[in-house]
Amino acid sequence: MSGILDNCQWPRCECIELGERRNLVVSVLSGVMFFTGWWCVIDAAALYPDESDFKHAYHTPGVIITVAFFMINSVSNGQIRGDAYTTGCIGQTGARVWLFLGFLLAFGSLIAACWILFGFYVVENVKPDWPGIAVFLQNALIFFSAFVFKFGRTEDLWG
């Protein structure tokens, strides 16, 4: 039963074939999402500098998800599979643990951003609500940016 979809294939759309430009397009798209995320929270911090409108502690998930972005993308898929990295101080298992910790930080930061938005701005009906939306947008955009940059690139062109 597990091989029921093995013979199904999506039709190829030649208008979106990127070929050798795939890494370039994915890197630019990921960079724009990362930039937009930080732009949103910097805008909210500039518009509402008062601690009562936008607590400074709400920047913490954005900083943590930025660290997670670099953790997730610092190991290659070859290191995870064991193709490219078998020696060294951490090896394949260490690379997998590092990637897993990066995923944990990313998911935790996104959950914390949801908690900030809904727990402190939506439920309590705090106005203005743009700082809560900005914190959530920042974390969501950086989260998706990390995954686009990790899984959108191909390592075949690096060789």
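The values are calculated or read from the model by the stated rules, or taken from the named source; none is laboratory data. Predicted model, so just to flag it, every value in this text is computed and none were measured. Heads up, the Cβs are rebuilt from the backbone with ideal geometry, glycines too, and the neighbour counts pull from every protein chain shown.
A few comments on the model shown:
- Of the helices (runs of 4 or more DSSP H) lying entirely inside the stretch 44-148, those containing at least 1 residues that are under 15 Å from Phe34 (Cβ atoms) and within 16 Å of the chain's Cα centre (by Cα) span 60-73, 91-115.
- So Met33, is it touching a residue at least 60 places away in the same chain (Cβ under 8 Å), surrounded by 17 or more Cβ atoms within 10 Å (Cβ to Cβ) and out of contact with any Pro (no Cβ under 6 Å at 6 or more places or on another chain): yes
- Number of the exception - Arg22 against (1) surrounded by 16 or more Cβ atoms within 10 Å (Cβ to Cβ); (2) touching a Ser or Thr at 6+ places or on another chain (Cβ under 7 Å): (1)
- Any hit, the stretch 74-84, residues being of a type outside the set (Lys, Arg), in contact with a Phe, Trp or Tyr (Cβ under 9 Å, 6 or more places away or on another chain) and within 15 Å of Gln138 (Cα to Cα): no
- Some residue of the stretch 82-93 being touching a Ser or Thr at 6+ places or on another chain (Cβ under 7 Å) and touching a residue at least 12 places away in the same chain (Cβ under 8 Å): yes
Residue-by-condition table, conditions (1) over 23 Å from Phe149 (Cα atoms); (2) at pLDDT 85 or above:
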residue: Met1; (1), (2): yes, no
residue: Gln9; (1), (2): yes, no
residue: Arg12; (1), (2): no, no
residue: Gly31; (1), (2): no, yes
residue: Val41; (1), (2): no, yes
residue: Lys55; (1), (2): yes, yes
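- Residue in the stretch 47-70 that is within 28 Å of Glu155 (Cα to Cα), among the polar types (S, T, N, Q), surrounded by fewer than 17 Cβ atoms within 10 Å (Cβ to Cβ) and touching a residue at least 12 places away in the same chain (Cβ under 8 Å) present: no
- Residues in the stretch 74-104 that are modelled with pLDDT under 80 and either hydrophobic (A, V, I, L, M, F, W, C) or farther than 20 Å from Arg153 by Cα (or both): Ala84, Thr86, Thr87, Gly88, Cys89, Ile90, Gly91.
- Pairs with Cβ under 8 Å, 6+ apart, first in the stretch 124-138 and under 15 Å from Ile42 (Cα atoms), second of a type in the set (Asp, Glu): Pro131/Asp53; Ala134/Asp43
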